[in-house]
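What follows is a single structure, written as structure tokens, with notes after it.
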Amino acid sequence: MSTGDRGKDGGKDRSFIDSAFLRNFGTERTSSCTGACERTLVLQFHIQFAILSTVRATNGRFFYVECDYMTSPVRVRFAPSPTGYLHVGGLRTALYNFLFARHNGGKFILRIEDTDQSRKVEGAIENLVSTLKWAGIEYDEGIDRPGPFGPYVQSERLEVYRDHARRLIESGNAYYCFCTPQRLEELRRRQAAAKLTSSYDRRCRTLPQKDAAARVEAGERHVVRMKIPLEGDLTFNDLIRGDVTISYSILDDQVILKSDGFPTYHLAVVVDDHLMQISHVIRGEEWLPSTPKHILLYRYFEWDVPEFAHLPLLLNPDKSKLSKRQGDVAVEDYRAKGYLKEAIVNFVALLGWSPGDEREIFTLEELIREFSLDRVGKSGAVFNVEKLNWLNFEHLRRKSAEEVLALLKEELARSPFASNIPGDAYLLRVIASMRERAGFVRDFIEKCPYFYQAPTRYDPEVVKKRWKAESFSHLQRLAQEFARLEQPTENDFEVALKRTAEELKIKASELIHPLRLAVSGVGAGPGLYEILAILGKEEVLKRIHTAIEKVK
RNA sequence: GGCCCUAUCGUCUAACGGUUCAGGACGCAGCCCUCUCAAGGCUGAAAUACGGGUUCGAUUCCCGUUAGGGCUACCA
């Protein structure tokens, strides 16, 4: 919990606080505790639903709290730059924003941050959008969901940023800079050689505004830089980390408008977040150090500052920031590998957030119901595929047979058995028998190809272990028994097999194992009688005869 | 280098100063079940980085050390 001071408002304290808190503490508590105590409480409990419009002392000791309940003050956004694929870290950021919005009855916006022309990748936006939608993360406003604050693509808003840059120059909070990249490069080299912290030396900051304007007018290449106060520091509150203080002395006069006329992230994010009425900025921890620059911009524009929540990073197994080279990082990769969206969403939600009790399996709806920022942790989390696999298994298990059937048919269409896909009734029986053996949909094919095709080879290991010299005659005899059955069920097969074993004076397992090998080619799988019943008498007999000929 | 953030089993985490031999989950090992493989059940190994404080009492609060990460661009 933290203070949510929204700044300049004529001395009035305006904090975001939780409506539930207000209901609980609003009237009764205020009159039963001292002003100082109440104030502390309010500040500690601040959350997000209502604006505290008045906090004033009466009879010298008590505070009364009045509040305006806002209908739906929460507006959050996911603002990726379209550089190719959707990173799992990005998916988590998007998910947390989405969950936060839905949980609080707010809006979730998708904004594309494509202000770096050199990093633009063809088709990246489409891919981003389709992956997000696949995962079930639906946004209320965005590229293809028009809203009142569009356009939602930054490259289509260049005029807005230029206007705002101009405003900052006029108010004296930014200035034109004509330093060439060469000079800056040289500057950095000298600073490095002298073992100094590299930063812009602010040469153009003191240029007379008139001269600078004239040079711009004359067409001289330039950028716009924001002014950082020469001394002091800035403390802001992060919903996840608490107070963070950063000294101005280490901040650069950041470029906010590039020489190509595009804004940098810092300008664009602040302008858009304000114009789009974003209430909470929930983003990756990599932005924590530059947040003071953003807050400074809000102040320069005289805008209210939104709440900030910086999410811990996702890590590689070696704890470095999750990146390519150490496994897959694209959501698309996991999708292609056959992971269920339910599993990925569940898994990613648990990387940094926990429900507080011992539940592990969540649907998206349950996550919406349970999610809250104050149960988000502060430390980075390693992306651990083992647990994702387990979650995939759990979510697959929870799907109805019909759902799995649909998925299986899609998978079969892409498989070697595409030309000969069995009917639904048959597939349903396969699904029932393979359920607890399948972690992925494709396991209903790959772990039991014998349901789609007679074995073409017999696992040599199993042959060695289970196939005895007598097995030929035993199976011969068994085939004769089976041949007499009419439309045999699982139980009929079992009874017939046990009777045969008795007559042969051998243990049932001496028939079971060779038979399993004969019909499936492998040594593992569902119960044998289940397999037999699914395959059917004719197929079983055929496979027994083939095995007798081919196994040696 | 400078600045910022972080620190509980191998991994994800719970514990919001006190019924904690630090709980759960994944993974791992063993046992049970069993026609195999799974699933399931039971059991086990496994953690508060270190050092100082504060306190009657610290995983929990403070400081330092160490370690890891992030940032340090006319990239986001």
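The values are calculated or read from the model by the stated rules, or taken from the named source; none is laboratory data. Please read these numbers as outputs of a predicted model, since none were measured by experiment. FYI the Cβ positions are ideal-geometry reconstructions off the backbone, even for glycines, and counts take in every protein chain you see.
Yes/no per residue for (1) within 23 Å of the chain's Cα centre (by Cα); (2) buried (at least 16 other Cβ atoms within 10 Å of the Cβ):
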{"position": "A:Arg375", "(1), (2)": "yes, no"}
{"position": "A:Lys378", "(1), (2)": "yes, no"}
{"position": "A:Val382", "(1), (2)": "yes, no"}
{"position": "A:Phe393", "(1), (2)": "yes, yes"}
{"position": "A:Leu396", "(1), (2)": "yes, yes"}
{"position": "A:Ala401", "(1), (2)": "no, no"}
{"position": "A:Leu408", "(1), (2)": "no, yes"}
{"position": "A:Glu411", "(1), (2)": "no, yes"}
{"position": "A:Arg414", "(1), (2)": "no, no"}
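So is A:Leu535 in the same structural domain as A:Leu475 (by TED's automatic domain parsing), within 10 Å of RNA strand B (Cβ to nearest atom) and within 20 Å of A:Pro449 (Cβ to Cβ) or not? Considered against the rule, which asks whether it is in the same structural domain as A:Leu475 (by TED's automatic domain parsing), within 10 Å of RNA strand B (Cβ to nearest atom) and within 20 Å of A:Pro449 (Cβ to Cβ), A:Leu535 comes out as no. Of all residues in region A:156-179, those satisfying the criterion of being surrounded by fewer than 16 Cβ atoms within 10 Å (Cβ to Cβ) and closer than 24 Å to A:Thr83 by Cα are A:Glu156, A:Glu159. Hey, among A:Lys341, A:Lys293, A:Lys337, A:Lys324, which residue is under 24 Å from A:Ile137 (Cα atoms), within 13 Å of RNA strand B (Cβ to nearest atom) and out of contact with any Ser or Thr (no Cβ under 6 Å at 6 or more places or on another chain)? One residue alone meets the criteria, A:Lys324.
Those helices (runs of 4 or more DSSP H) of region A:454-542 in which 2 or more residues are within 48 Å of the chain's Cα centre (by Cα) and more than 17 Å from A:Arg429 (Cβ to Cβ) occupy A:460-466, A:509-520. So which of A:Gly338, A:Gly356 ends up being in contact (Cβ under 8 Å) with a residue 12 or more places away in the chain, surrounded by fewer than 14 Cβ atoms within 10 Å (Cβ to Cβ) and over 28 Å from A:His266 (Cα atoms)? Just one listed residue meets the conditions, A:Gly356.
For A:His474, the requirement of being surrounded by 15 or more Cβ atoms within 10 Å (Cβ to Cβ) and away from RNA strand B (no atom under 14 Å from the Cβ) is met. Restricting the first residue to region A:527-548 and requiring it to be hydroxyl-bearing (Ser, Thr, Tyr), which pairs with a second residue that is in a helix (DSSP H, G or I) and surrounded by fewer than 20 Cβ atoms within 10 Å (Cβ to Cβ) meet a Cβ separation below 8 Å and a spacing of at least six or different chains? Note: pairs meeting the criteria are A:Tyr529/A:Glu490; A:Tyr529/A:Asn491; A:Tyr529/A:Glu494. Of all residues in region A:217-228, which are surrounded by 13 or more Cβ atoms within 10 Å (Cβ to Cβ) and within 13 Å of RNA strand B (Cβ to nearest atom)? Within region A:217-228, A:His222, A:Val223, A:Val224, A:Arg225, A:Met226, A:Ile228 qualify. Restricting attention to region A:79-105 and to residues that are touching an Asp or Glu at 6+ places or on another chain (Cβ under 9 Å) and assigned to a loop (DSSP other than H, G, I, E, B), the residue that is nearest to A:Arg145 (Cα to Cα) turns out to be A:Ala79. The set of residues in region A:416-432 that are touching a Lys or Arg at 6+ places or on another chain (Cβ under 9 Å) and either among the aromatic types (Phe, Trp, Tyr) or crowded, with 16+ Cβ neighbours inside 10 Å (or both) contains only A:Leu427. Within region A:159-184, the set of residues being within 16 Å of RNA strand B (Cβ to nearest atom), outside any helix (DSSP H, G or I) and not hydroxyl-bearing (Ser, Thr, Tyr) comprises A:Ala174, A:Cys177, A:Phe178, A:Cys179. Go through region A:306-330 and give me each residue that's part of a strand (DSSP E or B) and either loosely packed, with under 13 Cβ neighbours inside 10 Å or acidic (Asp, Glu) (or both). Across region A:306-330, the qualifying residue is only A:Glu307. Looking at region A:504-513, can you tell me whether even one residue there is closer than 23 Å to A:Arg435 by Cα and within 15 Å of RNA strand B (Cβ to nearest atom)? Within region A:504-513 (the criterion being closer than 23 Å to A:Arg435 by Cα and within 15 Å of RNA strand B (Cβ to nearest atom)), the answer is yes, since at least one residue qualifies. Evaluated against (1) more than 10 Å from RNA strand B (Cβ to nearest atom); (2) within 34 Å of the chain's Cα centre (by Cα), A:Ala214 falls short on exactly one condition, (2).
Of the helices (runs of 4 or more DSSP H) lying entirely inside region A:350-451, those carrying at least 3 residues that are farther than 30 Å from A:Gly90 by Cβ and within 15 Å of RNA strand B (Cβ to nearest atom) are A:424-434. Within region A:229-269, the residues that satisfy the criterion of being exposed (fewer than 15 other Cβ atoms within 10 Å of the Cβ), among the β-branched types (Val, Ile, Thr) and over 20 Å from A:Trp303 (Cα atoms) are A:Thr245, A:Ile250.
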